[in-house]
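Peer 1: Have a look at the structure that comes next, please.
The values are calculated or read from the model by the stated rules, or taken from the named source; none is laboratory data. Predicted, not measured: the structure shown is a model, and the values here were computed from it. In this analysis, Cβ positions are derived from the backbone assuming ideal geometry, glycine residues included, and neighbour counts consider all displayed protein chains.
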Amino acid sequence: MDKTEWRMDPLTREWTIFNEGRALPPTCGGADDGPLADSPFRAGLEHYAPHSVHHEGGPHSWQVRVVPNRAPILRVEGDHAHTSDGLYERLDGVGAHEIVIEDPGRRRFEDLPPAELTKVLSAWRARIEDLMRDMRLRSFTVVKDVGRAAGQSIAHSLSQVFAMAVIPSALRRKLESARDYYAAKERSLFADILAEEKRKGIRIVYENAGCVVFCPYAARGPFEVAIWPKRQSPDFHHSNHEELGYFADALHQALARLNRALCRPAWHFLLTTAPSRVLSAGDWPTIEEDFRWHASILPRLNPMSGFEISTGSHVNGVWPEVAADHLRAQEVTP
């Protein structure tokens, strides 16, 4: 079955994407465990992915390229209207799924200097801004998986940009928490969390003029790292070049410290940004003041347990204060 479809669980209000072409065997291990498929994305092999929707200049006529995924989880074709299916609700798997080729050669993401990382971030920004012009698309994210245990299958530095016709439950919970906190206290929850982390300092890993890197108080897993901007802005695509530079530096520092501390673990990178408000501005009346785009890096060190799946509560054997102290101690070349 080639069709892609969103289906909503009426009990949890969570959406699941059904797409047989994305089935993967179970995996476990670090970033270097097992061979990966050879890369078709290096410079000179552009004919394997000839349709570029964005590129950043470099020595091979490009430093970063963005191409459509040939086996997308979501597709631009389809009807974004919700359909009743008896008790249930579904809609076509409308969205977009793009591949960001982060380097023309064989370098890993964490080995790119901040100036070249900034070009990758600029490509993310440009694609989110462009995809947002499609009125059907509601929410946007960037993910990056490194290591077989995290789902990486090709030996190349890649990230993925997704646009979705729904607002997923994880984002909706964050939006609601930020909105409700602002309504109660007339202050941003993001600003208060950063102020608390800076006041205590024990979970701060790194800080520059534009970003703070810290281990969250209730980290979902060992050595989870959060990267938050200091400037209040709900939308990643509104970041200017200087802010992208600060973010690139923070990413470089966070990944270098994680790799030194944990001997290059498998990891996920997740970028969270506000949804489009064209059709739902009334749902988020204070979003410009209460919500802030942000990023997380989650090392893939342990498989999820049945307890975690059953309860939705994560089990973490490493206190974030201990993780932050260990990461701060790592020597990183600027």
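Peer 1: In the stretch 319-334, how many are surrounded by 10 or more Cβ atoms within 10 Å (Cβ to Cβ) and out of contact with any Asp or Glu (no Cβ under 9 Å at 6 or more places or on another chain)? Let's see the steps before the verdict.
Peer 2: Within the stretch 319-334, the first condition is being surrounded by 10 or more Cβ atoms within 10 Å (Cβ to Cβ), and the residues that meet it are 319-330, 332.
Remaining after also requiring out of contact with any Asp or Glu (no Cβ under 9 Å at 6 or more places or on another chain): 319, 321-322, 324-330, 332.
Qualifying residue count, the stretch 319-334: 11.
Peer 1: Looking at Gln232, is it part of a loop (DSSP other than H, G, I, E, B), more than 26 Å from Glu14 (Cα to Cα) and touching a residue at least 12 places away in the same chain (Cβ under 8 Å)? Spell out the reasoning first.
Peer 2: Details: part of a loop (DSSP other than H, G, I, E, B): yes; more than 26 Å from Glu14 (Cα to Cα): yes; touching a residue at least 12 places away in the same chain (Cβ under 8 Å): yes.
Yes, satisfied.
Peer 1: Can you tell me which residues in the stretch 298-317 are closer than 20 Å to Val205 by Cβ and in contact with an Asp or Glu (Cβ under 9 Å, 6 or more places away or on another chain)? Give the derivation first.
Peer 2: Taking the stretch 298-317 as the starting set, the residues that turn out to be closer than 20 Å to Val205 by Cβ are 298-301, 314, 316-317.
Those that are closer than 20 Å to Val205 by Cβ and in contact with an Asp or Glu (Cβ under 9 Å, 6 or more places away or on another chain): Leu298, Pro299, Arg300, His314, Asn316.
Peer 1: Sort through Pro59, Pro72, Pro50 and tell me the only one that's closer than 29 Å to Leu251 by Cβ, of a type outside the set (S, T, N, Q) and out of contact with any strand residue (DSSP E or B) (no Cβ under 6 Å at 6 or more places or on another chain).
Peer 2: Working: Pro72 fails: out of contact with any strand residue (DSSP E or B) (no Cβ under 6 Å at 6 or more places or on another chain); Pro50 fails: closer than 29 Å to Leu251 by Cβ.
Just a single option satisfies the conditions, and that option is Pro59.
Peer 1: To continue, here is another question. Of the residues Ser169, Ser239, Ser177, which is polar (S, T, N, Q), under 30 Å from His80 (Cβ atoms) and without any contact (Cβ under 8 Å) to a residue 60 or more places away in the chain? Please lay out each step first, then the result.
Peer 2: Working: Ser169 fails: without any contact (Cβ under 8 Å) to a residue 60 or more places away in the chain; Ser239 fails: without any contact (Cβ under 8 Å) to a residue 60 or more places away in the chain.
None of the other options fit; the residue is Ser177.
Peer 1: Here are some conditions: (1) surrounded by fewer than 21 Cβ atoms within 10 Å (Cβ to Cβ); (2) touching a Phe, Trp or Tyr at 6+ places or on another chain (Cβ under 8 Å); (3) under 18 Å from Asn240 (Cα atoms). Asp92 meets all but one. Which one does it not meet?
Peer 2: (3)
Every residue, every condition in (1) within 30 Å of Asp235 (Cα to Cα); (2) at pLDDT 95 or above, yes or no:
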{"site": "Cys263", "(1), (2)": "no, no"}
{"site": "Leu271", "(1), (2)": "yes, yes"}
{"site": "Glu288", "(1), (2)": "yes, yes"}
{"site": "Ser310", "(1), (2)": "no, no"}
{"site": "Glu321", "(1), (2)": "yes, no"}
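Peer 1: Oh, and also: Would you call Ala250 among the aliphatic types (A, V, I, L, M), farther than 30 Å from His80 by Cα and surrounded by fewer than 23 Cβ atoms within 10 Å (Cβ to Cβ)?
Peer 2: On the way: among the aliphatic types (A, V, I, L, M): yes; farther than 30 Å from His80 by Cα: yes; surrounded by fewer than 23 Cβ atoms within 10 Å (Cβ to Cβ): no.
When the stated conditions are applied, Ala250 does not pass them.
Every residue, every condition in (1) touching a Phe, Trp or Tyr at 6+ places or on another chain (Cβ under 9 Å); (2) at pLDDT 85 or above; (3) part of a helix (DSSP H, G or I), yes or no:
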position	(1), (2), (3)
Pro40	yes, no, no
Ala43	yes, no, no
His47	no, no, yes
His55	yes, no, no
Gly58	no, no, no
Asp79	no, no, no
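Peer 1: Select from the stretch 192-209 the residues that are free of Cβ contacts under 8 Å to residues at least 40 places away in the same chain and not acidic (Asp, Glu) and write down the one among them that is nearest to His241 (Cα to Cα).
Peer 2: So the residue we want is Ala209.
Peer 1: Sticking with this structure for a sec: Checking Leu36 against (1) out of contact with any strand residue (DSSP E or B) (no Cβ under 7 Å at 6 or more places or on another chain); (2) aliphatic (A, V, I, L, M); (3) within 24 Å of Ala266 (Cα to Cα); (4) surrounded by 14 or more Cβ atoms within 10 Å (Cβ to Cβ), which single condition isn't satisfied?
Peer 2: (1) is the only condition that Leu36 fails.
Peer 1: Sticking with this one: Which residues, counting only those in the stretch 253-268, are out of contact with any His (no Cβ under 7 Å at 6 or more places or on another chain) and surrounded by fewer than 22 Cβ atoms within 10 Å (Cβ to Cβ)? Please lay out each step first, then the result.
Peer 2: Let us first name the residues in the stretch 253-268 that are out of contact with any His (no Cβ under 7 Å at 6 or more places or on another chain), namely 253-260, 262-268.
Passing the criteria: Ala256, Asn259, Arg260, Leu262, Cys263, Arg264, His268.
Peer 1: Give the stretch 117-134 a look and list any residue that's modelled with pLDDT of 95 or more and of a type in the set (Asp, Glu), or say none.
Peer 2: Glu129, Asp130
Peer 1: Next up: Of all residues being assigned to a loop (DSSP other than H, G, I, E, B) and touching a strand residue (DSSP E or B) at 6+ places or on another chain (Cβ under 9 Å) in the stretch 265-294, which is farthest from Asp111 (Cα to Cα)? Just the residue, please. Working first, answer last.
Peer 2: Of the stretch 265-294, the ones assigned to a loop (DSSP other than H, G, I, E, B) are 265-266, 273-280, 284-286, 291-293.
Now restrict to residues that are touching a strand residue (DSSP E or B) at 6+ places or on another chain (Cβ under 9 Å): 265-266, 273-276, 292-293.
Working: Pro265: 15, Ala266: 15, Thr273: 25, Ala274: 29, Pro275: 31, Ser276: 33, Arg292: 28, Trp293: 25 Å.
Restricting to residues being assigned to a loop (DSSP other than H, G, I, E, B) and touching a strand residue (DSSP E or B) at 6+ places or on another chain (Cβ under 9 Å), the top hit is Ser276.
Here's the yes/no breakdown for (1) more than 12 Å from the chain's Cα centre (by Cα); (2) under 18 Å from Leu244 (Cα atoms):
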position: Pro114; (1), (2): yes, yes
position: Val142; (1), (2): no, yes
position: Gly147; (1), (2): yes, no
position: Ser153; (1), (2): yes, no
position: Val161; (1), (2): no, yes
position: Ala170; (1), (2): yes, no
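Peer 1: Among the candidates Arg106, Arg133, Arg187, Arg179, single out the residue that is closer than 28 Å to Leu301 by Cα and over 17 Å from the mean Cα position of the chain (by Cα).
Peer 2: Values: Arg133 fails: closer than 28 Å to Leu301 by Cα; Arg187 fails: closer than 28 Å to Leu301 by Cα; Arg179 fails: closer than 28 Å to Leu301 by Cα.
Sole residue among the options that is closer than 28 Å to Leu301 by Cα and over 17 Å from the mean Cα position of the chain (by Cα): Arg106.
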